[in-house]
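Below you'll find the structure, written out as C-alpha cells, and then a few comments.
The values are calculated or read from the model by the stated rules, or taken from the named source; none is laboratory data. Being a predicted model, the structure only gives us computed values, none of them experimental. Ideal geometry is used to build each Cβ from the backbone, glycine not excepted, and the neighbour counts take in all protein chains shown.
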Amino acid sequence: MMKKLKIIKQNHLKKRALLELIGFGVLVWVCVSQRHVIVQAVSDIRRGDVFYLGALLLFYWAMLPIAVFGYILLSTKKLSLAMTCLAQLSGAGPARIIPGGLGQISVGARYLSKSGIKLDKAILIVVTNNLIGIFTNIILLTIAMFVHPNILERILNNLTGRYLLVFILVILVFAMLIFLLSHARATKKIVKKVKFQWGSMLISLRKSPKKLVLLFLDATAITLGHTFMIFLSAKALSINITIVDALIALSAGIFIGGVIPTPGGLGAVEAGTMSALVVLGYSAPDATSIALLFRTANYWQPLIPGMFSYLYLREKKLL
C-alpha cells in the first residue's frame, strides 16, 4: 500500500515538474514574442523623468504587503507576512501563463492550502478577497462619476462605434466565461463546495464589522495605489493626467485583462488601459506609452523575482 502511494506521489511530482517546465517555456515565448513591446517600454524609460520612473518602479514593491493583507485578515490560520508576500509575488511568475487572473487565484489558494487551510476554504478566501476588490473598484468609479459628471460627457464625445462594439463583445465574452466556469465538470464540484461555505464566510464577516471595514480599506488602498502607478507612468513621460482618468483607465485594463484569455492579460490589459485613455480624450501615442510603462512596472518588473519566489516556496513545500 505504501509503495503504491509512493508511486502515485512520484507520478504527481513528475506531472507537476512537466507543467512547470511548460510554464517556463511559455514565459520565455511570451518574452520573445513581445520583444517589440519591451523595446518600446525601454525607449519610454530612457526618455522618461528619472525621479518619477524610480518612484513608479519602487511603488510596486511598496504595494506588495498591502496586496496580501486581505488574505491575512480572512485566513483562519496565522500567516507569515513575508511568506504571503512571496506567494503573491509567485503569482507574478509562473502563474502568468494561466489566463483571466486564474493563475493568481490558483497560486494563492495553493499557498493557503499548504498553510493548513482546506482547499475549498482557501479558494473561498482568495475569491472573497478578489470580489471585495472588484466591489470597491466599482464604488470608487461611481464616486468619481458623481464628483466629476463631465467624465461621462467626455466618454460619450470620444466613443466611436468601434470601441462600443469592442465593449459589447467583452461583456458577451465575460458572460460566456462565467457560464462555462460554473457549468464545467472540472469546476462544478469545487464551485458547489465554495457556495456551501459562502454563507458561513458572510456570517463571520457580519459578526466582525471591524474586519470587514479593514478589508474594504485594504481594497481601497490597493485600487488607489495602482491608480497612482498609472498617474506616475504619465508623469514620468511628462503627460498630464488626472487621478480620476487614471482610475478609469486602470479599471478598464483590469476588466478586459480578466475577460480576454491571454497569459497574465498580456496585450489585453494594455489595450483596455490605452482604449480607456483614448476614449477620455488622450492621444493614441500618449495613451499607448502610459499603458506600456505601467505594465513594465507591474508585469515585466516582477516576472523574474516571481519565478525565484515560486521556486523558493516550492522548496519550502508552501506551493
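For the stretch 278-310, a tally of residues being within 29 Å of Ser115 (Cβ to Cβ) and out of contact with any helix residue (DSSP H, G or I) (no Cβ under 9 Å at 6 or more places or on another chain) returns 1. For the stretch 280-305, a residue qualifies if it is surrounded by 22 or more Cβ atoms within 10 Å (Cβ to Cβ) and either of a type in the set (Gly, Ala, Ser) or in contact with a Phe, Trp or Tyr (Cβ under 6 Å, 6 or more places away or on another chain) (or both), and the qualifying residues are Ala287, Ser289, Ala291, Ala297. Can you find, within the stretch 233-253, the residue that is modelled with the lowest pLDDT among those that are among the hydroxyl-bearing types (Ser, Thr, Tyr) and under 17 Å from Val147 (Cβ atoms)? Taking the candidates together, the pick is Ser251. So for the stretch 53-60 (the condition being at pLDDT below 90 and in a helix (DSSP H, G or I)), does at least one residue qualify? No, every residue in the stretch 53-60 fails to be at pLDDT below 90 and in a helix (DSSP H, G or I).
Test Ile256 against the stated conditions and say whether it is part of a loop (DSSP other than H, G, I, E, B), buried (at least 21 other Cβ atoms within 10 Å of the Cβ) and either out of contact with any Leu (no Cβ under 9 Å at 6 or more places or on another chain) or at pLDDT 85 or above (or both). Judged against the criteria, Ile256 is not a match.
When the residues of the stretch 212-234 are filtered to those that are buried (at least 23 other Cβ atoms within 10 Å of the Cβ) and under 15 Å from Gly133 (Cβ atoms), the one that is farthest from the chain's Cα centre (by Cα) is Ala219. Figure legend. Inter-residue proximity from the stretch 120-144: first residues without any contact (Cβ under 8 Å) to a residue 24 or more places away in the chain and closer than 17 Å to Leu73 by Cα, second residues among the small types (Gly, Ala, Ser) and crowded, with 21+ Cβ neighbours inside 10 Å, beta-carbon distance below 7 Å, spacing 6+ or different chains. Indicated pairs: Ala122/Ala109.
The number of residues in the stretch 61-96 being among the aromatic types (Phe, Trp, Tyr) and not in a helix (DSSP H, G or I) comes to 0.
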